[in-house]
1. Any idea which of (1) surrounded by fewer than 20 Cβ atoms within 10 Å (Cβ to Cβ); (2) in contact with a Phe, Trp or Tyr (Cβ under 9 Å, 6 or more places away or on another chain) is the one Gln63 doesn't satisfy?
2. What is the one condition in (1) more than 30 Å from Ser346 (Cβ to Cβ); (2) away from ligand 1 (no atom under 16 Å from the Cβ) that Phe197 does not satisfy?
3. So, in the range 30-46, of the ones that are among the hydroxyl-bearing types (Ser, Thr, Tyr) and modelled with pLDDT of 95 or more, which residue ends up nearest to Lys14 (Cα to Cα)?
4. Condition test on Leu148, is it out of contact with any strand residue (DSSP E or B) (no Cβ under 9 Å at 6 or more places or on another chain) and either surrounded by 12 or more Cβ atoms within 10 Å (Cβ to Cβ) or among the β-branched types (Val, Ile, Thr) (or both)?
5. Can you find, within the range 64-85, the residue that is farthest from Val52 (Cα to Cα) among those that are in a helix (DSSP H, G or I) and not hydrophobic (A, V, I, L, M, F, W, C)?
6. Within the range 66-95, count every residue that is open to solvent by less than 30 Å² (accessible area, probe 1.4 Å), acidic (Asp, Glu) and touching a strand residue (DSSP E or B) at 6+ places or on another chain (Cβ under 6 Å).
7. Can you tell me which residue in the range 216-238 is nearest to the chain's Cα centre (by Cα), limited to those that are touching a residue at least 60 places away in the same chain (Cβ under 8 Å) and within 23 Å of Leu148 (Cα to Cα)?
Amino acid sequence: MQELAQLANTAGAKVVGKLVQRLPVPTKTHYLGEGKLEELLSLKSITGYNVVIFDDELSPLQQRNLEDSLNVKVIDRVALILDIFARRAQTREGQLQVELAQHQYLYPRLAGQWSHLERLGGGIGTRGPGESQIETDRRIIQKKIHRLKAQIEQVRKHRLLYRQKRKRSGIPVVSLVGYTNAGKSTLLNALSRADVFVDDKLFVTLDPTTRRLTLPDRSTVLITDTVGFIRKLPPTIVTSFRATLEELTEASVLLHVVDLSSPDAAQQCQAVEDILADLDLMDKPRITALNKIDLMLDSGRSWNEEEALDYLSDHPSPVSENTALVSASKKWGLTGLLELINRILSKITAPV
Ligand SMILES: Nc1nc2c(ncn2[C@@H]2O[C@H](COP(=O)(O)OP(=O)(O)OP(=O)(O)O)[C@@H](O)[C@H]2O)c(=O)[nH]1
Ligand SMILES: [Mg+2]
């Protein structure tokens, strides 16, 4: 729920309250049980909310019923994330991908929207012009989805050519992956003076950035920063962002950045694992950077890099192989991380 609040905040909403219900399964018609719905309705006069956001995907029926009962706009997690992505997309590729995801989300919801409007309009028959309007709209959306896919395919081909060129150059690629807000862009900036925009919001980065980096053994690598992951990442986003995410398949090594200071670090790692599995990337060589270690230290005294790394390397448990402790914002642990990258890469590229 805290993450949902952060997402809402990122989308420009102010959170005035929250409500949680434990149910074995959400109700088919309203998602919430009857009593909870009453409670939510009574909160309206106290908090003055004008939108309610649910942390799950709602069915078109649930959404419509909730809007009818509460008389405010009702949004689900998927729509919220799509909204944030739409605000963030900067490049044409990003915009096309978001637009595709939005249309795919909208498509099955069209029917609901129209009968909803009809009822608001005074309960004219549920068949009649409305239905044919839905059909027309469906066709328009389907055409649009078709066109967007074709445009994205063009972008993909272009990327493929670019990647092949890059591959021929023989420079290994290290791709940053991780939960949104883990500090991927901050790390890229710390390693390469890349000047990528960093913010304490979610999904700050959507479009990939690549920078050149020199390793301790003087060899060169390319390091790529891309879109962050999140729990329950809408499948429409994953499929729409294939063109961007495909970059990961070309990576020599994945560098998984973890926000060690987050109380949800374990669940966030699992979410990243799930998405990597989804993208068929489990076999890629992997390095883990446990980030934000500066937040794990007793703030009562001041620490330097050496003290911090010493103290944390066996608290709470010894750091395993292929894992580096870092603080991207303090630039701590970067030498160790670069050496790790070096070691992994020389293993991969070593002649057999
Ligand atoms: N204290 C502390 N804060 C950090 C560290 N690294 C990153 N941050 C902060 O964490 C927030 C998120 O950092 P970003 O680099 O934007 O994270 P990201 O993984 O690129 O996030 P998205 O692009 O949104 O997926 C920013 O406010 C950073 O200043 C760190 O080592 N220590
Ligand atoms: Mg970023």
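The values are calculated or read from the model by the stated rules, or taken from the named source; none is laboratory data. Since we're looking at a predicted model, the values are computed, not measured. Using ideal geometry, Cβ is built from the backbone for each residue, glycine included, and neighbour counts are taken over all protein chains shown. The accessibility values were calculated without ligands, DNA or RNA, using every heavy atom of the protein model including side chains. Shrake-Rupley method; radii C 1.70, N 1.55, O 1.52, S 1.80 Å.
1. The number of the failed condition is (1).
2. Just one mismatch for Phe197, condition (2).
3. Ser42
4. Details: out of contact with any strand residue (DSSP E or B) (no Cβ under 9 Å at 6 or more places or on another chain): yes; either surrounded by 12 or more Cβ atoms within 10 Å (Cβ to Cβ) or among the β-branched types (Val, Ile, Thr) (or both): yes.
So Leu148 fits the description; yes.
5. Filtering the range 64-85 for residues in a helix (DSSP H, G or I) gives 64-70, 77-85.
Then keep just the ones that are not hydrophobic (A, V, I, L, M, F, W, C); that gives 64-65, 67-69, 77, 83.
Values: Arg64: 12, Asn65: 13, Glu67: 9, Asp68: 12, Ser69: 12, Arg77: 11, Asp83: 15 Å.
Per the stated criteria, the residue is Asp83.
6. Going through the range 66-95, the residues open to solvent by less than 30 Å² (accessible area, probe 1.4 Å) turn out to be 66, 70, 72, 74, 76-82, 84-85, 89, 93-94.
If we keep only those that are acidic (Asp, Glu) too, we end up with 76, 93.
Narrowing the set further to residues that are touching a strand residue (DSSP E or B) at 6+ places or on another chain (Cβ under 6 Å) leaves 76.
So the answer is 1.
7. First, the residues of the range 216-238 that are touching a residue at least 60 places away in the same chain (Cβ under 8 Å): 216-217, 219, 221, 230-234, 236-237.
Narrowing the set further to residues that are within 23 Å of Leu148 (Cα to Cα) leaves 233-234, 236-237.
Values: Leu233: 6, Pro234: 9, Thr236: 12, Ile237: 9 Å.
Looking at residues that are touching a residue at least 60 places away in the same chain (Cβ under 8 Å) and within 23 Å of Leu148 (Cα to Cα), I get Leu233.
Residue-by-condition table, conditions (1) more than 27 Å from Gln6 (Cα to Cα); (2) at pLDDT 90 or above; (3) of a type in the set (A, V, I, L, M):
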residue: Val72; (1), (2), (3): no, yes, yes
residue: Asp76; (1), (2), (3): no, yes, no
residue: Ala86; (1), (2), (3): no, no, yes
residue: Gln97; (1), (2), (3): no, no, no
residue: Gln113; (1), (2), (3): yes, no, no
residue: Ser132; (1), (2), (3): yes, no, no
